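**Student:** Handing you this structure, nothing more for now.
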Amino acid sequence: MTSPLWAYVNGVERMPVVLVVLLGVPIACRLSAHEPSEGMIGFALLLVVCALVGAWQHRRNPRSLRSILLLFQLSGWPLALAFAVFMWNVSYLTGTHELYAERLPLLIAMFAAVLAIVSAYYIAFWRDGRDLYEALGARRSRGSISPDELHQLLTFKGRSTRMLAVMPVIVGLSVPITMVIARLIDRNIWELTVFVLLTFILPPYIMAVLIARRFLQSRYLGASDLTVG
């Protein structure tokens with residue numbers, strides 16, 4: 001297993017560790033604010049278990065393309081949901097949680113609208129994604145694909161996605177920026193807008209990519225599988 005594909009996949013398998021660290025922040029925020037934390041802890045455990053299941057099923061059948069693609073889904077959705085609850089719980093420290101809780105239906109509607117728009121965009125116009133699954137579908141007749149070839153396709157011929165590269169920066173900056181704004185600006189629509197922007201940049205993006213990938217997989221691969229090797 002000398003192909004860079006396996007290092008790439010092994011990195012995804014470490015998602016449970018990433019989730020434990022990422023979800024530890026909102027849990028700590030709730031504890032610091034003396035808010036009930038049982039629900040958040042249970043939700044965090046559910047996300048970590050989901051990622052663990054993804055890693056487990058892949059290790060049972062590491063040469064299966066469908067197993068690799070399922071690993072991405074079972075790791076990506078917990079990551080997106082972890083980001084979604086990140087700023088929501090940090091707002092306990094900023095003293096603005098009540099403002100957001102009062103407008104929860106509006107926030108949910110905005111989130112759903114952004115997710116629908118971005119998902120539709122990726123399904124209809126994501127050229128790299130269509131190229132990937134068209135190439136995988138074209139290999140159904142021979143039933144296999146080499147690890148190096150798959151790695152090239154999954155990473156879009158070696159190009160890293162810009163959003164994935166800047167995600168840690170966005171998350172890192174969102175916390176201090178929101179805390180500063182919460183202190184400088186009275187509770188009004190502008191603060192709510194900043195919260196929405198900082199919170200809803202990453203989760204809908206990740207979810208939309210996952211939705212598009214699943215749609216394209218169903219369209220071009222169907223129930224077929226490929227052996228990686």
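Since every read-out is calculated from the coordinates, none of them should be taken as a lab result. In this text the structure is predicted, and so the values were computed from the model without any measurement. Here Cβ is always computed from backbone atoms with ideal geometry, including for glycine, and neighbour counts include all displayed protein chains.
**Student:** Give me PHE125, PHE86 sorted ascending by neighbouring Cβ count inside 10 Å, so fewest comes first.
**Tutor:** PHE125, PHE86
**Student:** If I stretch the segment between GLU38 and ARG214 completely, what's the gain in nm (0.36 nm per residue apart, minus their alpha carbon distance), one decimal?
**Tutor:** 60.1 nm
**Student:** Using the Cβ atoms and a cut-off under 15 Å, what net charge is assigned to the surroundings of LEU22, where Lys and Arg are +1 and Asp and Glu are -1?
**Tutor:** Surrounding charge for LEU22 is +2.
**Student:** Whose amide H sits under 5 Å from the amide H of LEU226, counting only residues 5 or more places off or on another chain, with H placed in the peptide plane?
**Tutor:** It is LEU65, ARG66, by chain and number.
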